[in-house]
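Here the structure is laid out as structure tokens; the discussion comes afterwards.
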Amino acid sequence: MNEITKNNGNFIGYEYKEVITTRDMEGMYTDGYPSFGWQLDGVSPSPIGFSAVGLKFKRDRKIKNKAELSRLQRQFEAGISEIFSLERSKTSSAFITAMTVGLIGTAFLAGATFAFIYGEMIPLMILLAIPGFIGWFLPFTLFKKIRAKKSAAVMPLIENQYDALYELCAEGHTLLAQ
């Protein structure tokens, strides 16, 4: 059945939007955008990679309360961006710390190697090799601990952000029902 037949012979002009997002957030977009008048028109693989997906939406150009719905949609998109940045913050500080410790460990091992090769200073080599090996084995443990601590601190913020998004969707749904 074509669009004209469904709408009693009236023509409907649509505006289109494509959103590229991660597969983890696909559900949030497909559940949230209909609250702002958008209909899911298709899903396509993203050129970015396997973990991303392209979502195609359409909505009536002459929808009621379009300005207010667009404002709510912008707040929704800003909230999703905030969730992305909070998710990234869980691992970014842990990654930086682990890499720094690993590089320091590498520098100690390089010093131990040079102490052995160029001067055959065995006591200095041992003295430099011990913190070097610690610097190589410690980063993984540090990464896990820091990530767990940061996740515990950030999860309430992410949950609050999800609650705010659901409120925006409810508000948009109410505007659509008018």
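The values are calculated or read from the model by the stated rules, or taken from the named source; none is laboratory data. Note that the coordinates shown come from a computational prediction; the quantities given were computed from them, not determined experimentally. With ideal geometry, Cβ positions are generated from the backbone for all residues, glycine too; neighbour counts draw on all protein chains shown. Side chains are part of the model used for accessible areas, which takes the heavy atoms of the whole protein and leaves out ligands, DNA and RNA. Shrake-Rupley method; radii C 1.70, N 1.55, O 1.52, S 1.80 Å.
General observations
- Measuring nothing but how far apart in sequence close Cα pairs (under 8 Å, 6+ apart) lie, relative to its length, the chain scores a relative contact order of 25 percent.
- Equivalent-ellipsoid semi-axes of the chain, from the Cα gyration tensor, Å, largest first: 56, 18, 10
- Cross-link pairs exceeding 23 Å between alpha carbons, from the set LYS17/LYS64; LYS56/LYS150; LYS17/LYS66; LYS56/LYS90: LYS56/LYS150; LYS56/LYS90.
- Per-residue ellipticity at 222 nm computed for the chain from its helices equals -24500 deg cm²/dmol, with DSSP H segments shorter than 4 residues left out and the rest contributing -39,500 (n - 2.57).
- Mean shadow area of the range 77-131 over all directions, Cα convex hull, nm²: 4.3 nm²
- Carbon and sulfur %, accessible surface of the chain computed with the full protein complex present, 1.4 Å: 63 percent
- Ligands, DNA and RNA are left out, and with a 1.4 angstrom probe the accessible area of the range 20-117 is 55 Å² per residue.
- Take the range 125-178 with all the other protein chains still there, run a 1.4 Å probe, and you get 69 Å² of accessible area per residue.
- Rounded to the nearest 10 degrees, the angle from helix 66-119 to the longest Cα principal axis of the chain is 10 degrees.
- Separation of the ARG61 and ASN10 label points, Cα + 7 Å toward Cβ, nm: 1.5 nm
- Rounded to 10°, Cα long-axis angle of helix 122-177 versus longest principal axis of the chain: 10 degrees
- Fully extended contour minus Cα-Cα distance, from ALA78 to PHE137, at 0.36 nm per residue: 17.3 nm
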